[in-house]
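Okay, structure first, notes after.
The values are calculated or read from the model by the stated rules, or taken from the named source; none is laboratory data. Note that the structure is a prediction, hence the values are computed from the model and not measured. Quick reminder, even Gly has a Cβ in these numbers, built from the backbone with ideal geometry, and neighbours come from all protein chains shown.
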Amino acid sequence: MKKVLVALLACVPMVTMAAGVDGRLAGVRKAFVVPVDDLSDDRPVAVCLADHLAAQTPITAVKTREEADVIFKVKAHVPSATTRFMVGMMGGTPSADLLAELPDGTKLWSDGAKLRRAIGKSGKLDNSDAAKGVECGLADELLDTLRTAMRKARDAK
């Protein structure tokens, strides 16, 4: 019992640090968005995130790393409609992760999002979000998460 308690207490500082956000995230205004893997689901989600960035945040997407205050790295998992229907919440939900790093590689923040609200019982997008697509739906979910993190970073200053 003591060993379990010691192991749990040893993990507490790591969990607390992982949940935090660097205050510099609040001041970011220019971002370079890059997919982790150009040949996977990451690319369309990253493209959509860059397209929607200025409309949903005070951040503008820039064309080169040299112009950027921050580098956003996008990693996505978009299962097929059949998988979403057959597996459901146990691995069939589209998801994506966003990592924010300074150009020197310093990590500011990372988090993920799942696209659940737009997926109907048949595993397809609801009519309200059909024009957006799964990739852009995931990008918008990531942007919601980013806005929340930016507010926390601003309030922590």
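Using the structure shown, decide if residue 57 is within 19 Å of residue 149 (Cβ to Cβ), modelled with pLDDT of 95 or more and among the hydroxyl-bearing types (Ser, Thr, Tyr). Taking the combined requirement at face value, the residue satisfies it. Taken across segment 38-45, residues that are free of Cβ contacts under 8 Å to residues at least 60 places away in the same chain, in contact with a helix residue (DSSP H, G or I) (Cβ under 8 Å, 6 or more places away or on another chain), more than 15 Å from residue 97 (Cβ to Cβ) and outside any strand (DSSP E or B) do not occur at all.
Here residue 16 meets each of (1) under 16 Å from residue 98 (Cα atoms); (2) of a type outside the set (A, V, I, L, M); (3) modelled with pLDDT under 95 with one exception, condition (1).
Just one of the listed residues (37, 41, 111) is farther than 26 Å from residue 154 by Cβ, modelled with pLDDT of 95 or more and acidic (Asp, Glu), namely 37.
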